[in-house]
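Please read the structure below before turning to the comments.
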Amino acid sequence: MAAAARPGPGVDELALLEKLLGLPKGNKYGVQGERKVPVLQTNNGPGLTGFMTIAAHLVKQAKKDQLLGSTAEEKAVVQQWLEYRVTRVDGGSSKEDTRIILKDLNIYLEDKVYLAGNIFTLADILMYYGLHHVMVDLTVQEKEKYLNVSRWFNHIQHYPGVRQHLSNVIFIKNRLYTNAH
Amino acid sequence: MAVTGTLYTYPENWRAFKALIAAQYSGAKIKVLSSPPHFHFGQTNKTPEFLRKFPVGKVPAFEGDDGFCVFESNAIAYYVSNDELRGSTKETAAEIVQWVNFADSDIVPPASTWVFPTLGIMHYNKQATEFAKEEVRRVLGVLDSHLRTQTFLVGERVSLADITVVCALLWLYKQVLEPSFRQPFVNVNRWFVTCLNQPQFKAVLGEVQLCEKMAQFDAKKFAETQPRKEPPRKEKPPKEEKKKEEKKAAPEEELDECEQALAAEPKVKDPFAHLPKSPFVLDEFKRKYSNEDTLTVALPHFWEHFDPEGWSLWFAEYRFPEELSQTFMSCNLITGMFQRLDKLRKNAFASVILFGTNNDSSISGVWLFRGQDLAFPLSPDWQVDYESYAWRKLDPASAECRTLVKEYFLWEGEFKHVGKPFNQGKIFK
């Protein structure tokens, strides 16, 4: 069963996050098990295991706790989308899975600028990294169909420091098909 | 180096918010002077000193610590911004100016027409309101289609465009854009709510409650602020005053004053609270004046206890005597003013006299006020009439002042300066 799953998000992405957070290089990562779960060796105590655990730890290390949400509700919503990212985005691999994810997100983002609502959080950053390979492959028509995702994605990729070496995904700002909904 | 300076405004001025939010982003240090004793709206901004710096006499007005002065809210917001807010390329800067102008030319006029009557500060005109509603719908439509693919108005970050347009829409969202009206504009709503929730906006605007139910014309409030009960003649002089001002300033200026009235409302509790305690007890004097002989008891009492530090005496003369026709109308003019000044009774006393006869009369009076300034700018309720009078502060030590107080409080004497016989007097107490 574990062998069939895609490898989870890895060390590369944590390096992106480190850089975005302005942390000095120096964290040492290892991987563990068949899914190559990242492990961070810490100076004191046992190592941290798992992508989301380490990501949250890095945010705290950078003293940017607001990226984890400010109110209890925001924190919960950030957690919700981090979980969604790991279980659904990373877990799914078929065309159909991707379609459902984009549809879900498109509905969700209709009335929100960020995943946690009004503020930019770790959820936006990691969802952006997680969806980059999907968005790169979308046709112009699909980008128009998932308009709210496109708007959100474009905003996040322009957020200072987020995109780094990843390719810039182009979005057309005027409507392609004026009759489309 | 971030800008530092002082912003003169009245409290809760949405135009001043633009500069204050911009400063939150840029780190500019702005000291706000919006209330007495540092800034009296309608008074401080009419002083020669203020007009030398800001010839238009409007607020908000900004004075940098380095002496740089600038007025007009958009210019101030621009000045206190950083390059990100102003747009770092020519194109983005141009787009930002585009939305700033759009706010002033397309949003503010219909927003004012629709919102003001609901606040009771402008008369309701059904046709105008319906037209304004449609105009607002059109404007929201324009914004909505723009914000379909855009997170913020220009580029991918908050700019002066967002700050300006949000502030221009603020009263609409608070007062009349009930859920069913705003529901079709999902993209505008998303953008608007996100902006309001940015820490920099929140620091200035606080928690903004979006409209639950469209506010309607508030006839009661309107009647309170602009009573129509008096004879029509009564209304004329102040109106002319207004017209003059309107010619000078853009129509939006009215918005400022109306909102000033609104903003000042919850704060009218005690506008004199900042003054030090005075040994002169007004009620005691009023009792003497009402119950005992004026010449032998009340006047001596007054001069014995009068506190020139805590109180001031003023001579007021009606500026449009040629418009006074029937004496009963002129009397209504005086009593109407007294009624509107009701809340001032604890801190003022006056004797106002009508001289002359029908079609040949004048009105003048002696006023006693708490503090050293005219009290009228402290509350919007009090501003209806006072501009129709010429006000002159009296020197309590002067013989002229003694004579005026004596004659006006007594309703007897030569009234040398008047040249018309005493007709009747009214006491504000």
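The values are calculated or read from the model by the stated rules, or taken from the named source; none is laboratory data. In this text, all values refer to a predicted model and were calculated from it rather than measured experimentally. Ligands, DNA and RNA are excluded from the accessible area calculation, which covers all protein heavy atoms including side chains. Shrake-Rupley method; radii C 1.70, N 1.55, O 1.52, S 1.80 Å.
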**Prompt:** If you line up the long axis of helix B:232-248 against the longest principal axis of chain B, both from Cα atoms, how many degrees apart are they, to the nearest 10?
**Reply:** 50 degrees
**Expected 222 nm ellipticity per residue - DSSP helices of 4 or more, -39500 (n - 2.57), all of chain B, to 500** = -14000 deg cm²/dmol
**Asked** Could you give the distance between the Cα centres of the stretch B:75-151 and the stretch B:198-224, to the whole Å?
**Response** 17 Å
**Message:** Counting pairwise Cα distances across chain B, what percent come out greater than 33 angstrom?
**Reply:** 44 percent
**Item:** Gained length - residue B:417 relative to residue B:93, 0.36 nm times residue gap less alpha-carbon distance
**Value:** 110.5 nm
**Prompt:** Using only helices, what value at 222 nm comes out for chain A when you add -39,500 (n - 2.57) per DSSP H run of length 4 or more and divide by the total residues, to the nearest 500 deg cm²/dmol?
**Reply:** -14000 deg cm²/dmol
**Protein-only accessible surface order, largest first, of B:283, B:144 at 1.4 Å** = B:283, B:144
**Prompt:** Given a 1.4 Å probe and the protein chains all in place, what does the accessible area of residue A:133 round to, in Å² to the nearest 10?
**Reply:** 90 Å²
**Prompt:** HN-Hα J couplings of the stretch A:120-130 from phi, Karplus 6.51/-1.76/1.60, θ = phi - 60°, integer Hz, Gly and Pro as x?
**Reply:** 6, 9, 4, 4, 5, 4, 6, 5, 4, 4, x
**Request:** Please identify, among A:59, A:136, A:113, the residue showing maximal mean-square fluctuation in a Gaussian network model of chain A using a 10 angstrom Cα cutoff.
**Result:** A:136
**Prompt:** Which of A:85, A:163, A:99 moves the most in a Gaussian network model of chain A with Cα springs under 10 Å?
**Reply:** A:99
**Fill in**
Taking B:126, A:143, A:103, B:221 and ranking on accessible area (1.4 Å, protein atoms only), highest first, one gets B:126, A:103, B:221, A:143
**Prompt:** With every protein chain in place, what's the accessible area of residue B:8 (1.4 Å probe, Å², nearest 10)?
**Reply:** 30 Å²
**Distant-in-sequence amide H partners of residue B:311 (H built 1.01 Å from N, under 5 Å)** = B:371
**Message:** Let me cross-check residue A:83: its accessible surface, 1.4 Å probe, with only protein heavy atoms counted, in Å² to the nearest 10?
**Reply:** 120 Å²
**Asked** Rounded if a/c is under 1.5, else prolate if a/b beats b/c, else oblate: with a ≥ b ≥ c from the C-alpha gyration tensor eigenvalues square-rooted, which is the protein assembly as shown?
**Response** prolate
**Item:** Amide H contacts under 5 Å for residue A:69, placed H, 5+ residues apart
**Value:** A:122
**Item:** Under the Karplus curve 6.51 cos²θ - 1.76 cosθ + 1.60, θ = phi - 60°, whole-Hz ³J(HN,Hα) for the stretch B:31-43, x wherever Gly or Pro sits
**Value:** 8, 9, 10, 10, 9, x, x, 6, 9, 9, 4, x, 10
**Complete:** Helix B:160-175 sits off the longest principal axis of the Cα atoms of chain B, rounded to the nearest 10 on a 0 to 90 degree scale, by 60 degrees
**Asked** ³J(HN,Hα) across the stretch B:314-320 via Karplus (A = 6.51, B = -1.76, C = 1.60, θ = phi - 60°), whole Hz, x for Gly/Pro?
**Response** 9, 10, 10, 10, 5, 7, 10
